[in-house]
Amino acid sequence: MTMSRIVVTGIGASTPIGGTASDSWAALLDGASGVSSLEFDWVAQNDLPVTFAAQAAVRPDSVLERPEAKRLDPSAQFALVAAREAWADAGSPEVEPERLGVDFATGIGGLWTLLDAWDTLREKGPRRVMPMTVPMLMPNAAAAAVSMHLNARAYARTVASACASSTESIVNAVEHLRLGLADVVIAGGAESAIHPLTMAAFSSMQALSKRNDDPATASRPYSIDRDGFVMGEGAAALVLEREDDARARGAKIYAAVVGGGITADSYHITAPEPEGLGASRAVRLALEEADASPDDVTHINAHATSTPTGDIAEYRALRSVFGDRVHEIPVSATKASTGHLLGGTGALEAVFAILAIRDGIAPPTINISTQDPEIPLRVSGTVSPLPSGDQLVISNSFGFGGHNAVAAFASV
């Protein structure tokens, strides 16, 4: 097992507020909202109770070549777009195919392909179902597409842990590098689930905000009048490698991934454990691996989906780890701008955490009308400077099924 630090040398993203990582970061700092009304016939046809979402700013099939886009579900299309950007940003490292790995996650996978194929079967019969249906709908399609594009032969693995998926993939990628299973790994996550079925299903369980009259401000983490999350879509990717190798090739280094924690609540299939016990253990594990104390943390990118129970459970978890100091740490809840990318959200927020380290700032949390007095975290509607000196930032992701994943990033 190698003990060289694992560093980030490339980032990429396709999000509701930008077609690239840099565009998404700039829009986030400007306080943009990627949420808008859905202009599709199926909204009215299905009488959906929620009529808005955070759609990608740039459609992936407008970036990819038409033949490759036709063979991929939109979720895998997003993955390929983000992975290509990250790979180019890392300088396209020269690495033997057998030493290049892929850890790419999704929460749901090829939803559009699956449900479109079902419609085709019912309406036109089995002979009209596309031969590529199964390869397009399978959850590992994104990892497979990225690995084939980059000729990565060390491995191509997929995590499906709901909204914790891509943070878990990043943590796994670090372990795979430390174990010597690869020399370079591209890790991330993707999701494309703005579909009438998922919109109806999440609405039925009272999980989505219902602010149809004001979608741009619907995602409002920590606001006392928050009423649910906003569905988002997109992908993000990181290129990870050992620090010694990165410096030897003269690579640009954004940050080090210094710790990770993965736990399970074993409490409820959808609701978080009310006191955040599993979440707090994940934070502690990440800090323990980073050989850091709670006093070292300078910024938190919170999971903060804008649900009444989820936001307060995360606060309780943070309070149990940091004590009263949690009220002094700059916290950002970036889903207020991007919506919730489900399986892609952890990788996107990892990108935001890394860029916060690079620029020494905490991005704003928009849409807080009145902050919930039961969640007295230090959040701001404007960009906030981080303390001078070295940075240690944690990024939280929690998912249905009781999945908890936390990644810790440090300046280099």
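A few comments on the model shown:
- In the stretch 373-392, residue surrounded by the most Cβ atoms within 10 Å (Cβ to Cβ) [restricted to those that are polar (S, T, N, Q) and assigned to a loop (DSSP other than H, G, I, E, B)]: 391
- Filter pass, residue 94 being farther than 21 Å from residue 397 by Cβ and in a helix (DSSP H, G or I): no
- If the condition is being surrounded by 22 or more Cβ atoms within 10 Å (Cβ to Cβ) and of a type in the set (A, V, I, L, M), then the stretch 7-55 contributes 7, 8, 11, 13, 17, 21, 28, 35, 50, 53, 54.
- First in the stretch 121-148 and part of a helix (DSSP H, G or I), second anywhere and buried (at least 18 other Cβ atoms within 10 Å of the Cβ) and of a type in the set (D, E, K, R), Cβ under 6 Å, 6 or more apart: 136/73
- Filtering the stretch 334-370 to residues that are part of a loop (DSSP other than H, G, I, E, B) and in contact with a strand residue (DSSP E or B) (Cβ under 8 Å, 6 or more places away or on another chain) leaves 334, 339, 341, 360, 363, 364, 365, 367, 368, 369, 370.
- Residue check: residue 319 meets all listed conditions (1) farther than 28 Å from residue 143 by Cα; (2) of a type in the set (D, E, K, R); (3) touching a residue at least 24 places away in the same chain (Cβ under 8 Å) but one, namely (3).
- On inspection, residue 395 does not qualify as of a type in the set (S, T, N, Q), crowded, with 22+ Cβ neighbours inside 10 Å, free of Cβ contacts under 8 Å to residues at least 60 places away in the same chain and closer than 24 Å to residue 263 by Cβ.
- Some residue of the stretch 208-216 being modelled with pLDDT of 95 or more, of a type outside the set (A, V, I, L, M, F, W, C) and in a strand (DSSP E or B): no
The values are calculated or read from the model by the stated rules, or taken from the named source; none is laboratory data. Everything quoted here is computed from the prediction, not taken from an experiment. Counting neighbours? That spans all protein chains shown, and the Cβs are built from the backbone with ideal geometry, glycine included.
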